[in-house]
Amino acid sequence: MNFLKHIRILLPTILVAAMLFQSCKNDVVEPIENVPLTRSYDYKVFKSWNEKFLELDRYASGNRPGTGPRALAYLGLSAYESVVAGMPQNNSLATQYGGLSLPQAEKGKEYYWPACVNESYAYLMRKFFFQMENGYPGLYNGIEHLRGLLHEQYAEATTPEILERSEAYGRAVAVAIYNWETQDVAGHNAFLTPQPADYQPPAGPGLWQPTWPDYGAAMFPYWGSVRCFAMRETDLLCRQPLPYSEDVNSQFYGQALETYNTVNNIVNNGPGAYEAKWRAEFWSDDILGLTFGPPPRLAAIATQVIEKEDLDLAQTAELYAKMGMALSDAGVSVWKSKYVYNVERPISYIRRVMAQHDPAAANWKSLLNNPISGTIGLTPAFPAYPSGHSGFGGAGGRILSSFFEYNSEHPGGYTFTDLCHKDRVEFIGIPRTFTSFKEMADEDAYSRIPLGVHFRMDCEEGVRIGELAAQRVLELPWRK
């Protein structure tokens, strides 16, 4: 009887507790969202900052080829992490990287997500381009100018409290990302010493040595030790190149002959010469002060497609993060392999070996010219195999394909026109149209043959390793 009496006394309390528990349970299963999500905003803050990056990259000494995409990776990752709290279907990637600790957004508080991105980019852009503060103060000060313009724009769109909280959070994420970046000793501030004096290239038949006409010292010979974002250690070293041979019947000689004849056909205005030269110049982006570098070229193309498709802020944040990380990892793999295999450039082989059979080859030169200095026949100052352009093209093409091809909106390929060099007069910059991102990547790669700076094997392996870098990035746990 006492037991039943106690039950009758406690029953109301039990019922109230059960109701409260059910209420809390329902809140957990179906949370009520009263704040705007990241997808509520458009892509334009990313467009503004990536265009600013291209302006700076054009003149930034030491920023090409590897340090530029590395900066894009950290910028993109930081911006993504600054808004992922407003992307309920996405994960933060912080747990994927040892030593990276990120601040957390306040639950239930509203954030103006474009302002988070604005502050993240502004903070890190100063860090990745500080070498320009004295040499190009106008360009460098443009970082703060853009930050201020966007701040004023956002101040009219939200409350002071929300804006202050959003900006503080974006900066805090960027600071944490930068602190983690500094732990990568091989990559941190490497743009200050792109051609380290302590590196001496190995000598021997078929091994790279500085090339005519400028005989530039090796660029970024230690870049293969830079931190990767997704590639595994076993991914990094490319397949072995063709065996070196001076035999006219060998595959190696045949690939040198292809480069030699392709350039000669352009010089002599042979069949298809204009088209071949157009491709070579359209994709070059080799000359500091003339254009932005080859890796940011892929980010520039991404911006064009993002604008065409009118992506929202969440989609854009994910795309730029993936693009930067894939480009960076491709660069690490390519440069590691370059200085493991140390394959000489076509100009060295052609002038030394092919000249034994064709005297005209002794004075052969590439079509890579510097209209600023007037130097002609240049070759980039690092080994040939594999091709960096090809690696970046493969990585960028694969990332873009994952967003815009073979899905419900675009069941097949994707037709677009690259407007990056529209209206340029220093070279053939007429826009080119492609029917898929794979077509774009392959043309980017093989443009290096008519330019005269690569063998075909360099291009083929470069594309493969770039696509692998992109695939590894896509395999990260972006979605819940």
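The values are calculated or read from the model by the stated rules, or taken from the named source; none is laboratory data. Being a predicted model, the structure only gives us computed values, none of them experimental. Here Cβ is always computed from backbone atoms with ideal geometry, including for glycine, and neighbour counts include all displayed protein chains. Note: accessible area is taken over every heavy atom of the protein model, side chains too, but ligands, DNA and RNA are not part of it. Shrake-Rupley method; radii C 1.70, N 1.55, O 1.52, S 1.80 Å.
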Completion exercise
Any lysines whose Cα falls less than 17 Å from that of Lys365, other than same-chain ones fewer than 8 residues away, would be Lys277
Exercise for the section: Specify whether the C-alpha gyration tensor of region 399-480 places it in the rounded, prolate or oblate class, a ≥ b ≥ c being the square roots of the eigenvalues: rounded for a/c under 1.5, otherwise prolate if a/b is larger than b/c and oblate if not. Expected result: oblate
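What accessible area per residue comes out for region 63-189, rounded to a whole number of Å², with a 1.4 Å probe? Intermediate values should be presented prior to the final figure.
Numbers: 5120 Å² over 127 residues.
Heavy-atom SASA per residue in region 63-189 reads 40 Å².
Could you tell me which trypsin sites (Lys or Arg not before Pro) in region 226-272 are loop residues by DSSP with no more than 15 other beta carbons within 10 angstrom of their beta carbon? Numbers along the way, then the final one.
Working: sites: Arg227, Arg232, Arg239; in loops: Arg227, Arg232, Arg239.
Within region 226-272, the qualifying trypsin sites (Lys or Arg not before Pro) (loop, at most 15 other Cβ atoms within 10 Å) are Arg232, Arg239.
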Practice task
Kindly express, to the nearest 10 degrees and within the range 0 to 90, the angle between helix 437-446's C-alpha long axis and the longest C-alpha principal axis of the chain.
Solution key: 30 degrees
Handout entry: Å² of accessible area per residue within region 342-438, as computed with a 1.4 Å probe and no ligands counted
Key = 40 Å²
Practice task
Per residue of region 234-239, in order, report the coupling 6.51 cos²θ - 1.76 cosθ + 1.60 (Karplus, θ = phi - 60°) as ³J(HN,Hα) in whole Hz, putting x for Gly and Pro.
Solution key: 6, 7, 5, 7, 5, 4
Practice task
Please give the solvent-accessible surface of Tyr121 in Å², to the nearest 10, using a probe radius of 1.4 Å with every protein chain present.
Solution key: 10 Å²
Completion exercise
Carbon/sulfur accessible area of the chain, % of total, 1.4 Å probe, equals 54 percent
Problem - Prolate/oblate/rounded call for the chain, Cα gyration tensor, a/c under 1.5 rounded - result: prolate
Handout entry: Whole-number accessible area per residue in Å² for region 277-337, which is evaluated in the context of all protein chains at 1.4 Å
Key = 20 Å²
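Enumerate by residue number the GluC sites (Glu not before Pro) in region 121-204 meeting two conditions: DSSP loop (anything except H, G, I, E, B), and at most 10 other Cβ atoms within 10 Å of the site's Cβ. Walk me through the numbers on the way to the answer.
Numbers: sites: Glu133, Glu144, Glu152, Glu156, Glu161, Glu164, Glu167, Glu181; in loops: Glu156.
Listed in order of number, the matching sites are Glu156.
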Completion exercise
So the angle from the long Cα axis of helix 44-59 to the longest Cα principal axis of the chain, reported in degrees to the nearest 10, equals 30 degrees
Handout entry: chymotrypsin sites (Phe, Trp or Tyr not before Pro) within region 184-258, DSSP loop, no more than 14 other Cβ atoms inside 10 Å
Key = Tyr199, Tyr215
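Applying a 10 Å radius around every beta-carbon, put 415-428, 464-477, 73-86 in order of their mean neighbour count, most first.
Working: 415-428: 14.9, 464-477: 22.0, 73-86: 27.3.
The most tightly packed comes first, giving 73-86, 464-477, 415-428.
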